[in-house]
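These notes concern the structure reproduced below.
The values are calculated or read from the model by the stated rules, or taken from the named source; none is laboratory data. What you are looking at is a predicted structure, and each value in this text was computed from that prediction instead of being measured. Here the Cβ is made from the backbone with ideal geometry for all residues, glycine too, and neighbour counts use every protein chain on show. Heavy atoms of the whole protein, side chains included, go into the accessibility calculation; ligands, DNA and RNA do not. Shrake-Rupley method; radii C 1.70, N 1.55, O 1.52, S 1.80 Å.
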Amino acid sequence: MSQLANYINAKRESKPILSMTHVVYGYPTVEESLTWMGTLLENGADFIEVQFPFSDPVADGPTIVAACHKALEQTLSVEQCLKDIGQLAKNYPESRLVLMSYLNPMYRYGLDKLVERCAEEGILGLILPDLPYEQAGGLRAACDKHGIDPVWLVTPVTPKDRMAFLASNAQGFLYCVARSGVTGNSNHEGEGAQTELQHYLASIKSDSSAPLGVGFGLRRREQIKELEGHADIAILGSALLDAYNQGGQETGIALFKELFSH
Amino acid sequence: MQSDNGYYGEFGGSYIPEILYSSQQQILNAYEEAKNDPAFIAELKQQWQEYSGRPTPLTFCKNLTEHFGGAQIYLKREDLNHSGAHKMNNVIGQGLLVKRMGKKRVIAETGAGQHGIATALVCARLGLECTIYMGAKDVKRQYPNVFWMEQLGATVVPVTEGSQTLRDALDEALRDWSSTHEDSHYLIGTTCGCAPFPEMVAFFQSVIGEEVKEQSKAQFGRYPDKLYACVGGGSNACGLFLPFVDDKDVEMVGVEAGGKGTKLGEHSIRLSHNLGTPGIAQGFASIFIQDDAGQLQETHSISAGLDYVGVSPIIAHLAKEGRINMTYAMDDEVVDACTLLLKNEGIIPALESSHALAGAFKDAPSMSKDTHIVINLSGRGDKDIFNVAKALQDPTFPDFLNDYLEDYEKDTLIKKTEKEA
Ligand SMILES: Cc1ncc(COP(=O)(O)O)c(C=O)c1O
């Protein structure tokens, strides 16, 4: 079994749901983003999803897009990011860091090298939302070799047979997108049917032995509460960034505690 | 040109968020069915003819041919399409596909505004809701097109993120599509994006080259020796070139926007002189202008329609194979080429198309008199009136603008007092 799945299953014995908090590497500066990750880890975040910025983040909404563009006013290096967050992984062995980005910066860095370096730095999961399973043959082979989990996404409109396929191939955890659209409060009104989240999760569960993470649009305590018993990880992205933008780390941590310290 | 499962050599493919999977499959299937359905093809041809005025002529340029004293110069007159550019060929095709799929709303990105206009026109005709994303910089550069899109009932959304040009408009259109995929079709305007868009747009544009095949045979008894097209996303170039791809004697030249120079940020040269590098972004693998870390970079061109960071995977592949020669033309050469056509042939070309002219004019004098070249005149230049006036430093244009503004304000005031009275 995967190292991430083992970690999730073990931790779930004492917690109804685990937290994954999202941070944009380099926003507003590299130094500050690392301190912010440290604060979240100090406060018991089970996971940090570290987003390495890309100039054209098509799966993200305005909050995260703006943060990525701000971060890219500096020159950011994938290698330095891996070193920096690898250090955090060592300093906080009770938590896990996973790397999220878009394909292009990772492709330019070299996918084989990326996976190898992740393994060296103890970064056990990789999320690349614009890399579908079918196009990821090379990456999957490298991940198998180094014991890293590529995290696949499923959505409320994923067809049934594809859902079964992705769920049965899930490694580490399966990222269940809660609704149509991009991350956070969007410029675009999603008009898709408001899926019954619990029903959706139950149907995924029947196909998957991997733990389930749920993200997109989570911002209130009731939403997290409703996920308990149906999912293993609640992923907090834009809402945390909105809080952070509003009142810095203090406001960010207050939101984190409100959602998870119960 | 048939792709290999969405790929052209190492380029193309489908790199999109999972949320778009079903919609993309729907387009793939609808397109496969439609292109093999004689009724669809008949309807397409009828709409091309009735609505856009196809076939467009192949015009011999007697004066320019004499001026250069070399190759026999012909223009494929895509400027004579309804809406004034080749963009209409594709929009008519995809519009019929939208109807076939039963969707109610269309999303599109636009650079110069030509694709936006064509989309807004067809949506008005087909009774479809229409949202156009346009970089905030392009909204400024091409305001007359924005005005008409809105008059046609489209919603134009200026994109203020990133470089505020075509690439950001494309990102934002993809984000909209991710939210609205159930009712909306993303009507991409060029041979880029995820499969099957490059193949599908090239299919709809190939009418250009198919017509040139017939017209060249009829007008000078054989196929042209050399073809020229400007390359933004690559759709007018694919349209002219692909029908000739297996005719090995026909040479092809793609002309990119050299802008103000070859320094990063001053041009949109992706393929010639290896200024771009392999990348995977905006749904497809191709050659992009990017830095070492894989961040897409700013581009420039005097023509908004060529100001794009990536390029069609089909063109990237054919350029790599050596089937197409890529070159570029600088902003000032483009304005000169535009002027030359105006004065000699009485045709007003779009600045995009003037790149193809500039590329061909460089070669024409040294070519023998029995060679025939065809330049794709992808669009007409009326939309560029403000930019060309500025580039030529026309001394009376500012007076016109001042007078217009004064008159406009006076008129507004009169209407206001009439209302109050
Ligand atoms: C007249 C004209 N020509 C060319 C282009 C470039 O696009 P493509 O390379 O897809 O033909 C545009 C784009 O807006 C255009 O308006």
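Let me know the charge dipole size of chain B about its Cα centre in debye, to the nearest 20, where only the beta-carbon of Lys, Arg (+1) and Asp, Glu (-1) is charged. Walk me through the numbers on the way to the answer.
On the way: 38 positive and 57 negative charges, 145 e Å.
Around 700 debye, computed over chain B.
At 1.4 Å probe size, with no ligands or nucleic acids counted, give the accessible surface of residue A:46 in Å², nearest ten.
Looks like 0 Å² after rounding.
Let me check something: with ligands and nucleic acids excluded, how do A:30, B:231 order by accessible area (1.4 Å probe), largest to smallest?
Numbers: A:30 35, B:231 0 Å².
Descending accessible area places them as A:30, B:231.
When only C-alpha pairs under 8 Å and at least 6 residues apart count, what is the relative contact order of chain B, in percent? Don't jump to the answer; show the numbers that get you there.
Working: 866 pairs, mean separation 83.3, N = 421.
Rounded, it is 20 percent for chain B.
In the stretch B:317-376, which trypsin sites (Lys or Arg not before Pro) fall in coil by DSSP and have 12 or fewer other Cβ atoms within 10 Å? Provide the component values of the computation, followed by the final result.
Numbers: sites: B:320, B:323, B:343, B:362, B:369; in loops: B:323, B:369.
Loop-located and lightly packed - B:369.
Could you put A:70, B:419 in order of accessible surface area, largest first, with the 1.4 Å probe and the full protein assembly present? Write out the running numbers ahead of the final one.
Values: A:70 85, B:419 180 Å².
Reading off the accessible areas and sorting them downward yields B:419, A:70.
Relative contact order for the stretch B:85-224: what percent, with Cα pairs under 8 Å and sequence separation of 6 or more? Mind dumping the intermediate values first?
Numbers: 218 pairs, mean separation 37.1, N = 140.
Relative contact order comes out at 27 percent.
Which whole-number value in Å³ per residue fits the convex hull of the alpha carbons of the stretch A:142-259?
So the per-residue Cα hull volume is 132 Å³.
Looking at the stretch B:95-171 from every direction and averaging, what is the projected area of its Cα convex hull in nm²? All intermediate terms of the calculation are to be shown ahead of the outcome.
On the way: hull surface 18.0 nm².
With the hull built on Cα positions only, its mean projection is 4.5 nm².
Within the protein assembly as shown, what percent of beta bridges assigned by DSSP are antiparallel, to the nearest 5? Intermediate results must be reported in sequence, preceding the final value.
On the way: 16 of 78 bridges.
Taking every DSSP beta bridge within the protein assembly as shown, about 20 percent pair in antiparallel fashion.
How much accessible surface does residue A:207 have with a 1.4 Å probe, in Å² rounded to 10?
Counting only protein heavy atoms, residue A:207 exposes about 50 Å² to solvent.
Length gain on complete extension for the stretch residue A:250 to residue A:10, per 0.36 nm per residue less the alpha carbon to alpha carbon distance?
Values: separation 240, 0.36 × 240 = 86.40 nm, distance 2.99 nm.
Additional length available on full extension: 83.4 nm.
State which entries of B:248/B:320; B:390/B:410; B:87/B:226; B:35/B:226; B:76/B:320; B:76/B:99 exceed 18 angstrom in Cα-Cα distance in the structure shown. Spell out each step's value before the answer.
Working: B:248/B:320 16 Å; B:390/B:410 26 Å; B:87/B:226 23 Å; B:35/B:226 29 Å; B:76/B:320 26 Å; B:76/B:99 30 Å.
Among B:248/B:320; B:390/B:410; B:87/B:226; B:35/B:226; B:76/B:320; B:76/B:99, the Cα-Cα distance tops 18 Å for B:390/B:410; B:87/B:226; B:35/B:226; B:76/B:320; B:76/B:99.
In square angstrom, rounded to the nearest 10, how much accessible surface does residue B:155 have for a 1.4 Å probe?
80 Å²
Once phi is turned into ³J(HN,Hα) by the Karplus curve 6.51 cos²θ - 1.76 cosθ + 1.60 with θ = phi - 60°, what whole-Hz value does each residue of the stretch A:48-62 show in order, with x for glycine and proline?
10, 9, 8, 8, 7, x, 10, 4, 10, x, 6, 9, 10, x, x
Please report, ordered by residue number, every helix of chain B (full DSSP H runs) that is 15 Å or longer along its axis going by C-alpha atoms and whose mean Kyte-Doolittle hydropathy reaches 0.0.
Working: long enough: B:21-35 (21 Å, -1.15); B:38-52 (20 Å, -0.75); B:87-101 (21 Å, 0.05); B:114-126 (18 Å, 0.92); B:166-180 (21 Å, -0.75); B:207-220 (19 Å, -0.64); B:331-345 (21 Å, -0.10); B:351-363 (19 Å, -0.02); B:397-420 (35 Å, -1.30).
Helices passing the filter in chain B: B:87-101, B:114-126.
What cysteines in chain B have no other cysteine with a beta carbon less than 4.7 Å from their beta carbon?
B:61, B:192, B:194, B:230, B:238, B:338
Quick one: ranking B:191, B:262, A:75 by accessible area, 1.4 Å probe, largest first, what do you get? Before the final figure, lay out the partial values.
Details: B:191 0, B:262 75, A:75 135 Å².
Of B:191, B:262, A:75, the descending order of accessible area is A:75, B:262, B:191.
Based on the alpha carbons, how large is the Rg to Rh ratio for the stretch A:1-129 when Rh follows Kirkwood? Could the numbers behind the result be given before it?
Working: Rg = 14.3 Å, Rh = 15.0 Å.
Dividing the radius of gyration by the Kirkwood radius yields 0.95.
In units of 2.2 N^0.38 Å, what is the alpha-carbon radius of gyration of the stretch A:3-260?
Details: Rg = 16.8 Å, N = 258, 2.2 N^0.38 = 18.1 Å.
It is 0.93.
For residue A:257, go through the lysines and keep the ones whose alpha-carbon is under 30 Å away, minus same-chain ones fewer than eight residues off.
By straight Cα distance, residue A:257 reaches A:11, A:15, A:70, A:83, A:90, A:205, A:225.
Cut-off 16 Å, label point 7 angstrom out along Cα-to-Cβ of residue B:37: give me the residues of the stretch B:94-122 whose amide nitrogen falls inside.
Zone members listed by number: B:94-104.
Just to be sure I understand the model, the point goes 7 Å from the Cα along the line to the Cβ. What's the resulting residue A:66 to residue A:162 distance in nm?
Distance between the two pseudo-spin positions: 3.2 nm.
So what's the convex hull volume per residue for the Cα atoms of the stretch B:61-110, in Å³? Could the numbers behind the result be given before it?
Numbers: hull volume 5.5 nm³, N = 50.
Per residue, the Cα convex hull of the stretch B:61-110 comes to 110 Å³.
On alpha-carbon atoms, Rg over Rh for the protein assembly as shown using Kirkwood Rh?
Numbers: Rg = 26.7 Å, Rh = 26.5 Å.
Here Rg/Rh amounts to 1.01.
When you have a sec, figure out the Kirkwood radius of chain B from all distinct Cα pair distances and drop it here in Å to one decimal? All intermediate terms of the calculation are to be shown ahead of the outcome.
Values: mean 1/r = 0.0463 Å⁻¹.
The answer is 21.6 Å.
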